[in-house]
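Below you'll find the structure, written out as structure tokens, and then a few comments.
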Amino acid sequence: MAASLWRAVMGTGASSADADTTGGVEFWRSPERSGCLTKQGEYIKTWRRRWFVLKQGRLFWFKDSVVTRASVPRGVIPVATCLTVKGAEDTLNRQFAFELSTPTETMYFIADSEKEKEEWINSIGRSIVQHSCSVTDAEVVDYDSGRPAASVAAGDE
């Protein structure tokens, strides 16, 4: 417990970025989307403004809006692990709130306007679709024959 609290206070918890979590993404160059959001803390549930960068299937956040090659992300969310991104005004009773859910946790954010909230939801949603594991035609099985559906449709009998 003390170690978890120490990681939370020092910002070195599970969300903190390292070489593995950045995945070689050059987050300082040409992001798909970037901007300021207020994020609820992972361990201590306070609200903090952070600079967010969405790029190549990862949502990075930083303490500062000046992001360079030397910047160290405060955290990274691989969007392929996300299940949903949706408005959360009713859940939090806060204007411009939205949530991002993974199988293990739900993270909450607050944008500065309704327009920004919708743009973040759309950008993250697109990224989830682009980077999630999808089923290919070869993986779909025809239950009557037990063979890949693509070969049944093509008449490969």
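Between 59, 54, which is in contact with an Asp or Glu (Cβ under 6 Å, 6 or more places away or on another chain), among the hydrophobic types (A, V, I, L, M, F, W, C) and surrounded by 19 or more Cβ atoms within 10 Å (Cβ to Cβ)? Explain how you work it out, then say what you get.
Details: 59 fails: in contact with an Asp or Glu (Cβ under 6 Å, 6 or more places away or on another chain).
Exactly one residue qualifies, and that residue is 54.
Of the residues making up the range 33-86, those that are touching a residue at least 60 places away in the same chain (Cβ under 8 Å) and small (Gly, Ala, Ser) number 3. Tell me, which residue of the range 32-51 that is more than 13 Å from residue 64 (Cβ to Cβ), hydrophobic (A, V, I, L, M, F, W, C) and at pLDDT 95 or above is surrounded by the fewest Cβ atoms within 10 Å (Cβ to Cβ)? That would be 47. Inside the range 68-82, residues that are buried (at least 19 other Cβ atoms within 10 Å of the Cβ), under 18 Å from residue 36 (Cβ atoms) and not small (Gly, Ala, Ser) make up a count of 4. With (1) modelled with pLDDT under 95; (2) under 16 Å from residue 98 (Cβ atoms); (3) more than 14 Å from the chain's Cα centre (by Cα) as the list, and residue 77 as the residue in question, which single condition is left unmet? In the conditions (1) modelled with pLDDT under 95; (2) under 16 Å from residue 98 (Cβ atoms); (3) more than 14 Å from the chain's Cα centre (by Cα), residue 77 misses (3) alone. So if I check each of 116, 99, which one is in a helix (DSSP H, G or I) and at pLDDT 95 or above? Just one listed residue meets the conditions, 116. Screening residue 123 against (1) modelled with pLDDT of 95 or more; (2) open to solvent by 30 Å² or more (accessible area, probe 1.4 Å); (3) over 18 Å from residue 47 (Cα atoms); (4) in contact with an Asp or Glu (Cβ under 8 Å, 6 or more places away or on another chain) leaves a single unmet condition, (2).
On the basis of being closer than 20 Å to residue 120 by Cβ and modelled with pLDDT under 90, does residue 15 make the cut?
Working: closer than 20 Å to residue 120 by Cβ: yes; modelled with pLDDT under 90: yes.
It is true that residue 15 is closer than 20 Å to residue 120 by Cβ and modelled with pLDDT under 90.
Within the range 139-156, does at least one residue satisfy the condition of being of a type in the set (Gly, Ala, Ser), modelled with pLDDT of 95 or more and over 11 Å from the mean Cα position of the chain (by Cα)? No; the residues of the range 139-156 include none that is of a type in the set (Gly, Ala, Ser), modelled with pLDDT of 95 or more and over 11 Å from the mean Cα position of the chain (by Cα).
If you filter the range 18-31 down to residues that are buried (at least 16 other Cβ atoms within 10 Å of the Cβ) and in a loop (DSSP other than H, G, I, E, B), you find that the one that is modelled with the highest pLDDT is 31.
The values are calculated or read from the model by the stated rules, or taken from the named source; none is laboratory data. Predicted, not measured: the structure shown is a model, and the values here were computed from it. All Cβ positions, even for glycine, are placed from backbone atoms using ideal geometry, and neighbour counts span all protein chains on display. Side chains are part of the model used for accessible areas, which takes the heavy atoms of the whole protein and leaves out ligands, DNA and RNA. Shrake-Rupley method; radii C 1.70, N 1.55, O 1.52, S 1.80 Å.
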